Every structure is written in structure tokens, then in C-alpha cells.
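For reference, the structure discussed in these notes is given below.
The values are calculated or read from the model by the stated rules, or taken from the named source; none is laboratory data. No experiment lies behind these values; they were computed from the predicted model shown. Note that we place each Cβ from the backbone using ideal geometry, even for glycine, and neighbour counts take in every protein chain shown. Ligands, DNA and RNA are excluded from the accessible area calculation, which covers all protein heavy atoms including side chains. Shrake-Rupley method; radii C 1.70, N 1.55, O 1.52, S 1.80 Å.
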Amino acid sequence: MSLLIKGGTVVNADSSQRADVLISDGVIVAIREDLEAPTGAEVIDAGGQYVMPGGIDPHTHMQLPFMGTVASEDFYTGTAAALAGGTTMIIDFVIPDPEQPLMDAYNTWRGWSEKACADYSFHVAVTWWDESVHKDMGTLVREEGVNSFKHFMAYKGAIMAEDEVLYNSFTRAVELGAIVTAHAENGELVFQLQKKLMEMGMTGPEAHPLSRPPAAEGEAANRAIRLAEVIGVPLYLVHVSTKDALDEIIRARLEGQRVFGEALAGHLLVDDSVYRHPDFEYAAAHVMSPPFREKHHQEALWKGLQSGSLQTTATDHCCFCADQKAMGKDDFTMIPNGTAGVEDRMAVLWTHGVSTGKLTKEEFVAVTSANTANIFNIYPRKGRVAVGADADIVVWDPEASKTISAKTHHQNVDFNIFEGMEVKGLPSHTIANGKLRFKEGELMTNKGDGRYIKRPAFQPMFSALDLAAKANVPTPVDRS
Ligand code: URP
Ligand code: ZN
Ligand code: ZN
């Protein structure tokens, strides 16, 4: 089955060119001007539009069991919403309970994700440690194509990884050629502040950001970065929301450390005033961690993206409806943490990034797909419109516009943090694995069309600990 995209401008992270794109059997087979449509090929008229790699969202949580409930978006509805917004691949998270074997959790998530209609992959969280975790990390890297392990430095009493777990997991990742990722917030500090605020009678969502101050993120970012530095493992910080954490990344990168940072569309555009809204439902709908921040942090995040200090954008798509958020009516610490966005990220970033001149269209491709593909080792199969690459493509109409609303979005949640936002720049067509899945407002998806994407390990790495030992103490001192 072939598909010809005619008359558009192909935009990659490093260049743009006027060219047609021919797709056959899920793969891009030709890119040049004036291509002829093979017999029977479907033709898409992309005149005046951009032909870009489909978005890759490196941070989603479909149907996540979390805080006593389960996220309302499943792998089918979530990937369909992603396709409607021009995103053709997600990287979700396997999150084992403490003491749960990693492989058990991994197999459970693989079962849930079979209904996905866009390609997907998994980071696997290390939430505890013993010899079985050491072994399972090896199996995941060598046999299952997992090359990234996640660490929650927050959520004490649930999935928080103590420093001992971080040390063991980071060290194992180096041996395996994997990258480590971290949710950087000091979980002990958050726990103590939550307790204190509740004791003071601060029970509503307005207390949520107070319990998770920027310093708690800055401290944890620094700790993760310093551990990674000593151990010699590449580190990716998810949902960087503060200048505090960004400054730690900038410092480390200037020292030559392989540290990467992700910005969420929400953190770039929503500020902490939402938590002081008089309506509980509205304020609770915004409860996610790290919380939305004061405006000056947003400005810092935009500069981080523009300067390349932050390389990727994501959504942390983790949906809970009003009845689920109501679990925390009398205690803000019980409000399930999470907000949506997998459908909106591309349009929001185009509107507030490209249309404002903060990002070029090529930089837009870099921060919405190519950099993620690079960092997680699936480039150029993903993240590039190139011959031989997977045909995951968004045809982007820079003139199309809409108003974002929960009433019209495809996401399976009753609230949208971008409600009322006018966006200009939308997908006219989304092609996933060579098939047209979204066309001018209409989704054409089938459960199970998405594929699990293996991500190979990186070149074997040398442990910084071993190197330091060799350099500093070449032989034991003989004191006999
Ligand atoms: O509030 C959030 N972000 N919920 C999902 C879990 C996480 O911390 O990423
Ligand atoms: Zn997180
Ligand atoms: Zn998350």
C-alpha cells in the first residue's frame, strides 16, 4: 500500500526542502520534487503545508494505577488522541510496586498496551532494589529493548527511590548501556511540608504548590545529577519545571556531563494561580507534580528550550476526571496527581513557540520528535523524514486554527488545562506506520495497530567509578 504526499515542504530538525514524499509498506521510500504517484497510491495534497516527523511524546501514563485510582485514558484512547494532535509515538512508563518483580510489571503493561493504535515504547521505573531487580534490568535491556530506567525521587511511602536505590540502579544502567531518568523532587521534604500544611488547616489545592517548592526540585535535580556524574551514567530529567532545576542542568552540561532535560507543554504555559481558583474542581484538575509554577519559571523554561539546555517537550499525560480528583476534597495530598495534554502539545508549542518567533520550525521538530528519538536511541528510524525511516508523519497546516476545549478534544478526560486557548497551526493529516490515521478532523484508528518499539542499548559505557579508581589508585599501596 503506498501513499504520496505532494506539494509540501519537508521539515527536519536540521533543514527544510520542497519535496514530495512517497511511502510504501510503512516506510518512506522516496523524497524528491515531482514524484509520480504509483498506480493505486493514495495522494495527499500538502500544498502550503509542512511535512514533518510525527511527534514523539516521551512522557505519558496511560491507564496508570496511581494514588488509589486508575488514569482514565487507556492505551487506545490515549494514542488515538495523540494521533489527532500529530503525535505518532509515545514512551510510557512501567511502574512496578515496591517489591514487585520488574518483569511482572513489564508484562502487565505490555498486555495493557496491546490496544494502542500508535507506536509506543516503555521506560521502566526502578522503585526498589534487590538482586532480582539487577537481573531483570539486564533482561529488559538485552531482550526487551528497554534502554531507559526511571526513578521517582518523590512519592514517599509509595514509589519513591531512596539514594541507595538510585546508586544501585544508576550503576547497573552504566553496565548495560542504558540511560537513567528521574522525577526530581525531594520526596522527604514534600512529605514533611504536606504534613505541616494539613496540620495548619491548609487542606485545599492551594496548598499543593506550597508543599512542593522550587527548592525541592532544585535539590533533587542536583542530587540526581551529582550521583550520575560520579557513577558516569547519562541522565534525563523529566518534567523540569523550575529555573532551579534548569540551572543545575546548565551547570552540569557546561562541565561536559551528559544530562538532558524535558519541558512539559503545561509547565511552559500554565502558572500557579490556577491553584488559588475558588472552585475546588477547577483547582484540583490542575494538581500535578511538580506543580505549575510562578511565571518567571515559565520564562526560564522557554529560554532553556531556545538555548538547547532543555532538549525535549512532553506532556506527562496522566488523566483523572473530576470524580477522581474529588478523592482529595478534604485533603489535597489525596488528589490524584496528573493532567492531560497528549493531543495538544504540538499545536500549543507551534502557537506559542514557532508563531511567536521563539523557535524555528526546524527547532520545533527537534524539540517535538528528533531530540527524543536521539536521546532514546531510535533515530533516524523515528524523528526524521528520511528514506528508510518509519512513515510516521504529520502534515502540518500553519493556517488552521481552533479553540482548545474539553468539549471537543479526543482525550478521555473531562478537563483541559488549555481550555479556551486559541491555537493556530494544526495537523491536517497524521500518518502512522504508513497509514493515514487522521484526516481533517476525522480519526481512522484501529485497536492494536500500534507496535511496541524496541530501543537498543547504547555503546557499552565505562563506569566513571572504575575510571577514577584506575586513574587515582593505579595499584594498591604496598604497606608490608
Ligand atoms: O502529577 C504527575 N506528574 N503524575 C504522574 C506521575 C509523575 O510524577 O510523573
Ligand atoms: Zn513525575
Ligand atoms: Zn510522569
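So for region 97-114 (the condition being more than 16 Å from ligand 2 (Cβ to nearest atom) and within 16 Å of the chain's Cα centre (by Cα)), does at least one residue qualify? No, the conditions are met nowhere in region 97-114.
All conditions in (1) within 16 Å of ligand 1 (Cβ to nearest atom); (2) hydroxyl-bearing (Ser, Thr, Tyr); (3) over 22 Å from Val287 (Cα atoms) hold for Thr60, with the sole exception of (3). Counting only residues that are in contact with a strand residue (DSSP E or B) (Cβ under 8 Å, 6 or more places away or on another chain), of a type in the set (D, E, K, R) and exposed (fewer than 14 other Cβ atoms within 10 Å of the Cβ), how many does region 403-435 have? Of the residues in that region, 1 qualify. Condition first: in a loop (DSSP other than H, G, I, E, B) and in contact (Cβ under 8 Å) with a residue 60 or more places away in the chain. Can you find one or more residues in region 191-202 that meet it? Within region 191-202, one or more residues are in a loop (DSSP other than H, G, I, E, B) and in contact (Cβ under 8 Å) with a residue 60 or more places away in the chain. Please state which one of Val287, Val348, Val274, Val365 is away from ligand 2 (no atom under 16 Å from the Cβ) and in contact with a Lys or Arg (Cβ under 9 Å, 6 or more places away or on another chain). Checking each option against the conditions leaves just Val365. Could you check, for region 130-148, whether at least one of its residues is closer than 20 Å to Ala373 by Cβ and within 16 Å of ligand 3 (Cβ to nearest atom)? Yes, the conditions are met somewhere in region 130-148.
Residues of region 187-214 that are closer than 27 Å to Ile375 by Cβ and more than 14 Å from ligand 1 (Cβ to nearest atom): Pro214 alone. Restricting attention to region 180-218, the residues that are charged (D, E, K, R) and more than 16 Å from ligand 3 (Cβ to nearest atom) total 5. Against the numbered list (1) within 16 Å of ligand 1 (Cβ to nearest atom); (2) over 21 Å from Thr339 (Cα atoms), Glu255 comes up short only at (1).
Restricting attention to region 30-48, the residues that are part of a strand (DSSP E or B) and surrounded by fewer than 17 Cβ atoms within 10 Å (Cβ to Cβ) total 5. For region 96-134, the tally of residues that are assigned to a loop (DSSP other than H, G, I, E, B) and surrounded by fewer than 24 Cβ atoms within 10 Å (Cβ to Cβ) stands at 9. If the condition is being within 16 Å of ligand 1 (Cβ to nearest atom), open to solvent by less than 10 Å² (accessible area, probe 1.4 Å) and not in a helix (DSSP H, G or I), then region 65-94 contributes Ala71, Glu73, Ile90, Ile91, Asp92, Phe93, Val94. Number of residues in region 120-148 that are among the hydrophobic types (A, V, I, L, M, F, W, C) and out of contact with any Leu (no Cβ under 8 Å at 6 or more places or on another chain) equals 4. The set of residues in region 436-457 being part of a loop (DSSP other than H, G, I, E, B) and either surrounded by 17 or more Cβ atoms within 10 Å (Cβ to Cβ) or in contact (Cβ under 8 Å) with a residue 40 or more places away in the chain (or both) consists of Thr445, Asn446, Lys447, Gly448, Asp449, Gly450, Arg451, Ile453, Lys454, Arg455, Pro456, Ala457. Which one is farthest from ligand 1 (Cβ to nearest atom) among residues in region 281-326 that are within 20 Å of Val348 (Cα to Cα) and among the acidic types (Asp, Glu)? Going through the qualifying residues, I end up with Glu299. Within region 24-76, being within 16 Å of ligand 3 (Cβ to nearest atom) and out of contact with any Gly (no Cβ under 9 Å at 6 or more places or on another chain) holds for Pro58, His59, Pro65, Thr69, Val70, Ser72, Glu73. The helices (runs of 4 or more DSSP H) found wholly in region 289-374 and carrying at least 3 residues that are among the aliphatic types (A, V, I, L, M) and open to solvent by less than 40 Å² (accessible area, probe 1.4 Å) occupy 295-307, 345-349.
Quickly run through region 227-271 and pick out the residues that are closer than 30 Å to Glu419 by Cβ and away from ligand 2 (no atom under 14 Å from the Cβ). Answer for region 227-271, where residues must be closer than 30 Å to Glu419 by Cβ and away from ligand 2 (no atom under 14 Å from the Cβ): Lys243, Asp244, Leu246, Ala265, Leu268, Leu269, Val270, Asp271.
Only a single criterion out of (1) over 29 Å from Ala406 (Cβ atoms); (2) surrounded by fewer than 17 Cβ atoms within 10 Å (Cβ to Cβ) is not satisfied by Asp390, namely (2). Could you check region 13-25 and list, in sequence order, the residues that are closer than 23 Å to Thr368 by Cβ and open to solvent by 10 Å² or more (accessible area, probe 1.4 Å)? Hits for region 13-25 are Ala13, Asp14, Ser15, Ser16, Gln17, Arg18. Criterion applied to Pro278, Pro291 was being more than 15 Å from Thr60 (Cα to Cα) and without any contact (Cβ under 8 Å) to a residue 12 or more places away in the chain, and the one residue passing it is Pro278.
Just one residue in the set Ser273, Ser241 is open to solvent by less than 40 Å² (accessible area, probe 1.4 Å), of a type in the set (S, T, N, Q) and more than 19 Å from Arg172 (Cα to Cα); that residue is Ser241.
Thr181 fulfils the conditions (1) touching a Lys or Arg at 6+ places or on another chain (Cβ under 6 Å); (2) open to solvent by 50 Å² or more (accessible area, probe 1.4 Å); (3) outside any helix (DSSP H, G or I) except for a single criterion, (2).
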